[in-house]
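Structure record follows, encoded as structure tokens.
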Ligand code: DX5
Ligand code: ZN
């Protein structure tokens, strides 16, 4: 099964973003994860288009943009123009999820849907074959450095079953509290993409940590 790692720059040094992006460029990471927060959908603000554009300028890896904002359909083209490879919206933030997913694909990006910890997997039953990615939040969104919610394993296995039984091509990504202890078990449960902020950027040796995440449990 495909294994990818996406360092989250929410935990990077924004005072020297270029350096951290160059570290990611030279690492075994596959994508760069960017968290966009609006202070309404989640109780925090992060960064917007200028930061996405800056990351894009230096990045040699695709930008995986996670929108934690209400009415994400208003900004699809702006994120595409800023350099997003993939745009992931929250199921809980979309009134017309089917339409938003197709707008994202029409604009030329990969389309992902995120589920908060309380949102059941079966809410995606009717749309799963249209998705490139499902992002399971393994913490409540809004902040880095939180503790992984163990109930997530059960949810990941359910999602893996839904994807495999429908022939969906969607990748499963997890976000929040991912570390060197749970990474192997997450891949075993059916995850394809690990997002990691604190684990990578607070590490003594981020390059080695990215490699360890990617090869966890092997
Ligand atoms: C949280 C964000 C995450 C965050 C993860 O709302 O979506 O991407 O950066 O941070 P860690 O890996 O520190 O839990
Ligand atoms: Zn995220």
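The values are calculated or read from the model by the stated rules, or taken from the named source; none is laboratory data. In this text the structure is predicted, and so the values were computed from the model without any measurement. Cβ placement follows ideal geometry from the backbone for every residue including glycine, while neighbour counts extend to all protein chains displayed.
Can we say residue 90 is surrounded by fewer than 18 Cβ atoms within 10 Å (Cβ to Cβ) and either closer than 30 Å to residue 199 by Cα or modelled with pLDDT under 95 (or both)?
Working: surrounded by fewer than 18 Cβ atoms within 10 Å (Cβ to Cβ): no; either closer than 30 Å to residue 199 by Cα or modelled with pLDDT under 95 (or both): yes.
Spelling it out, it is not the case that residue 90 is surrounded by fewer than 18 Cβ atoms within 10 Å (Cβ to Cβ) and either closer than 30 Å to residue 199 by Cα or modelled with pLDDT under 95 (or both).
Would you check if residue 55 is modelled with pLDDT of 95 or more, farther than 20 Å from residue 146 by Cβ and buried (at least 19 other Cβ atoms within 10 Å of the Cβ)? So residue 55 passes the test.
Looking only at residues in region 9-46 that are surrounded by fewer than 17 Cβ atoms within 10 Å (Cβ to Cβ) and closer than 24 Å to residue 117 by Cβ, the one that is nearest to ligand 2 (Cβ to nearest atom) is 44.
Screening region 75-164 for strands (runs of 3 or more DSSP E) wholly inside it with 1 or more residues that are more than 29 Å from residue 60 (Cα to Cα) and away from ligand 2 (no atom under 16 Å from the Cβ) returns no ranges. Within the set 60, 19, 2, the sole residue that is more than 18 Å from residue 143 (Cα to Cα) and either in a helix (DSSP H, G or I) or within 16 Å of ligand 1 (Cβ to nearest atom) (or both) turns out to be 19. Look at (1) on the phi < 0 side of the Ramachandran plot; (2) surrounded by 23 or more Cβ atoms within 10 Å (Cβ to Cβ) and you find that residue 166 fails only one, number (2). Within region 176-218, the set of residues being in contact with a helix residue (DSSP H, G or I) (Cβ under 8 Å, 6 or more places away or on another chain), within 14 Å of ligand 1 (Cβ to nearest atom) and outside any loop (DSSP other than H, G, I, E, B) comprises 183, 186, 194, 196, 198, 199, 200, 201, 206, 209, 210, 213.
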